[in-house]
Amino acid sequence: VLSVCQVLGLDLQSIEKQYKIQFNLNTFSKPNAKAFELIIHHLLSQLDPEKAQRVFNTCWPCYIKDQQKEFKEVIFSWLSDLSMNTRQNTKQNSMEKPTPTQLLQHQFHSMLQSIKIPPITKSLLLSPGGLKVCELLFNISHYVVLINIIKLS
């Protein structure tokens, strides 16, 4: 997950210095709300920059508890929608012969359908640690990479 975040432009070294957080294999072995906030904010900002700017406008960065609460509500809503959308299989049939670009996009869309964002619970956001958080971040990071590749193609 951390490698994918770096590929997506997250500067882990400066974040480690600024927030005094160590990003490594044990980052989420116990709950780590600040690391989760930083990573999920970055991933969702990469997924949809316009939406991120709009929904995080008043709650990012989180300096006070009210902002943290609003941030978690925004994250819960966004991730719940994303989780529901990734579970729905949408297949398009076309009668026309696809172009090479359309074939490539179809392949990436097929890969997207294989990524399933697990259901989101509020308790997961209150205490983000353990295997469930790692699985969530892993799936979201791969989803974001594929979406960015599709946008580039």
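The values are calculated or read from the model by the stated rules, or taken from the named source; none is laboratory data. Everything numeric in this text was worked out from a predicted model, so none of it was measured. As a convention, Cβ positions derive from the backbone with ideal geometry for all residues, glycine included, and neighbour counts pool all protein chains shown. Note: areas computed on protein heavy atoms with side chains; ligands, DNA, RNA excluded. Shrake-Rupley method; radii C 1.70, N 1.55, O 1.52, S 1.80 Å.
Checking Lys132, Lys51 one by one, the residue that is at pLDDT below 95, under 28 Å from Gln13 (Cβ atoms) and basic (Lys, Arg) is Lys132 and no other.
Only one entry in Glu50, Glu37 is of a type in the set (Asp, Glu) and open to solvent by less than 60 Å² (accessible area, probe 1.4 Å), namely Glu37.
From the list Thr90, Thr58, the lone residue that is at pLDDT below 90 and surrounded by fewer than 18 Cβ atoms within 10 Å (Cβ to Cβ) is Thr90. Considering segment 107-123, the residues that are touching a Leu at 6+ places or on another chain (Cβ under 7 Å) and part of a helix (DSSP H, G or I) include one that is most open to solvent (accessible area, probe 1.4 Å), namely Met111.
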